[in-house]
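The structure appears right after this line, and notes come after that.
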Amino acid sequence: MRERRQGGSSVQAVEMIAASVAAEQSLELVEVTLQKEPQGKTLCIYVDKQGGITLDDCEHFHKAVIPLLETVDYDFLEVSSPGVDRPIKTLRDFEKNRDSLVEVKLFAPIDGSKTFEGMLHAMDDTAVTLTIADGTGKSFPRKAVALIKPVIVFEDEEEE
């Protein structure tokens with residue numbers, strides 16, 4: 001583990017730096033997290049691009065961003081793809097997943113269930129609306145939604 005200078009550990013500061021580097025490399029900054037783990041603080045930067053991110057993209061981004069993070073207090077830096085089933089958190093994520101099959105998990109049951117599946121029809125700051133299998137719309141208050149994520153269907157599963 002290398003020694004780090006103590007400085008601001010602001011995720012917002014890292015987001016600004018990472019967004020700038022991502023823009024220079026035609027990448028999309030998806031998320032920045034700082035996770036405290038037993039072995040130290042891990043700074044995770046998730047980037048993506050149209051058609052998907054490659055290992056070479058992650059390496060190139062890592063090499064460009066690391067010298068700009070010298071004043072940030074962290075022990076490990078991880079640059080990664082957010083994955084195909086990354087949670088839908090922002091309106092930008094919604095636009096990419098509009099009319100796609102998603103799973104909505106709630107903090108507390110509504111109509112006896114905490115999990116619903118359907119086509120993502122609408123989403124704003126107050127509500128999330130799905131079109132469920134029978135064709136009806138089902139809306140959930142945004143504050144009741146714990147997680148929205150794409151449902152990944154493998155081609156073999158469709159044929160069964």
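Taking Glu37 as the residue in question, decide whether it is assigned by TED's automatic domain parsing to the domain that holds Ile148 and either more than 11 Å from the chain's Cα centre (by Cα) or within 29 Å of His121 (Cβ to Cβ) (or both). For Glu37, the condition - assigned by TED's automatic domain parsing to the domain that holds Ile148 and either more than 11 Å from the chain's Cα centre (by Cα) or within 29 Å of His121 (Cβ to Cβ) (or both) - is not met.
Do we have any residue at all in region 94-112 that's touching a Lys or Arg at 6+ places or on another chain (Cβ under 6 Å), among the acidic types (Asp, Glu) and modelled with pLDDT of 90 or more? Yes, region 94-112 has at least one match. The residues listed here are Lys96, Lys49; of these, the one that is free of Cβ contacts under 8 Å to residues at least 24 places away in the same chain and outside the structural domain of Pro141 (by TED's automatic domain parsing) is Lys49.
May I ask you to list the residues in region 88-106 that are closer than 21 Å to Glu31 by Cβ and either in contact with a Cys (Cβ under 8 Å, 6 or more places away or on another chain) or not in a helix (DSSP H, G or I) (or both)?
Restricting attention to region 88-106, the residues satisfying the condition of being closer than 21 Å to Glu31 by Cβ are 88-98, 100, 102-105.
Selection gives Ile88, Lys89, Thr90, Arg98, Ser100, Val102, Glu103, Val104, Lys105.
If you check Val128 against the conditions, is it at pLDDT below 90 and either under 26 Å from Cys44 (Cβ atoms) or part of a loop (DSSP other than H, G, I, E, B) (or both)? For Val128, the condition - at pLDDT below 90 and either under 26 Å from Cys44 (Cβ atoms) or part of a loop (DSSP other than H, G, I, E, B) (or both) - is not met. When region 62-93 is filtered for residues that are of a type in the set (Val, Ile, Thr) and either within 22 Å of Val128 (Cα to Cα) or without any contact (Cβ under 8 Å) to a residue 60 or more places away in the chain (or both), the ones remaining, listed by number, are Val65, Ile66, Val79, Val84, Ile88, Thr90. All told, Asp124 meets the bar of being under 30 Å from Gln12 (Cβ atoms) and of a type in the set (D, E, K, R). Quick check on region 127-146. Is at least one of its residues free of Cβ contacts under 8 Å to residues at least 40 places away in the same chain, surrounded by 12 or more Cβ atoms within 10 Å (Cβ to Cβ) and among the aromatic types (Phe, Trp, Tyr)? Yes, because at least one residue in region 127-146 is free of Cβ contacts under 8 Å to residues at least 40 places away in the same chain, surrounded by 12 or more Cβ atoms within 10 Å (Cβ to Cβ) and among the aromatic types (Phe, Trp, Tyr). When restricted to residues that are loosely packed, with under 11 Cβ neighbours inside 10 Å, within 26 Å of Thr90 (Cα to Cα) and either in contact with a strand residue (DSSP E or B) (Cβ under 8 Å, 6 or more places away or on another chain) or not polar (S, T, N, Q) (or both), region 37-79 contains 3.
Scanning region 21-30 for residues that are surrounded by 14 or more Cβ atoms within 10 Å (Cβ to Cβ) and either among the aliphatic types (A, V, I, L, M) or modelled with pLDDT under 90 (or both) returns Val21, Ala22, Leu27, Leu29, Val30.
The values are calculated or read from the model by the stated rules, or taken from the named source; none is laboratory data. The shown structure was predicted, so the numbers you read here are calculated from the model rather than taken from an experiment. Here the Cβ is made from the backbone with ideal geometry for all residues, glycine too, and neighbour counts use every protein chain on show.
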